[in-house]
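Written below as structure tokens is the structure these notes are about.
The values are calculated or read from the model by the stated rules, or taken from the named source; none is laboratory data. Keep in mind that this is a model prediction, so the values were computed, not measured. In case anyone asks, the SASA skips ligands and DNA or RNA and just uses the protein heavy atoms, side chains included. Shrake-Rupley method; radii C 1.70, N 1.55, O 1.52, S 1.80 Å.
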Amino acid sequence: MKYFGVIVFLFFLSWGASAQSSREVNTAQKQGSQYNSTQKIKKVKKKKKSKKDQLIEEYEQRMKDNAKAYKKASKEMEKPQYSDQSYFGHKKPPKKRPLGKRKFCKECGIVH
């Protein structure tokens with residue numbers, strides 16, 4: 001009989017403890033749902049990039065910058081100063097003087 005009384009006592013003790021915990025959880029969930037509906041939702045912060053990802057991004061940025069520089073240089077080389085042979089490396093085409101008045105050019109090393 002003693003054992004039966006102890007078992008019944010433990011049963012009611014555990015049942016009462018579980019009943020209290022479930023009520024607290026339910027009330028906490030209700031309060032949480034009310035809190036979320038009234039408050040603004042916080043934005044999630046972006047994850048910090050790993051070292052490998054940073055190196056890949058830096059590499060891609062360098063490649064873009066180099067491509068831009070090459071494109072600019074090729075566009076510059078299309079100017080007549082660089083593409084036309086009559087300029088001889090001058091910014092403006094040299095003047096064609098008469099035979100008696102021709103001078104030695106220090107820039108290109110040609111008499112014109």
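Overview of values
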item: Shape of region 68-110, Cα gyration tensor, a/c cut at 1.5; result: prolate
item: Aspartates and glutamates with Cα under 13 Å of Lys49, excluding same-chain neighbours fewer than 8 positions away; result: Glu57, Glu58
item: Accessible surface ranking that places the most exposed of Val8, Val44, Val111 first, with a 1.4 angstrom probe; result: Val44, Val111, Val8
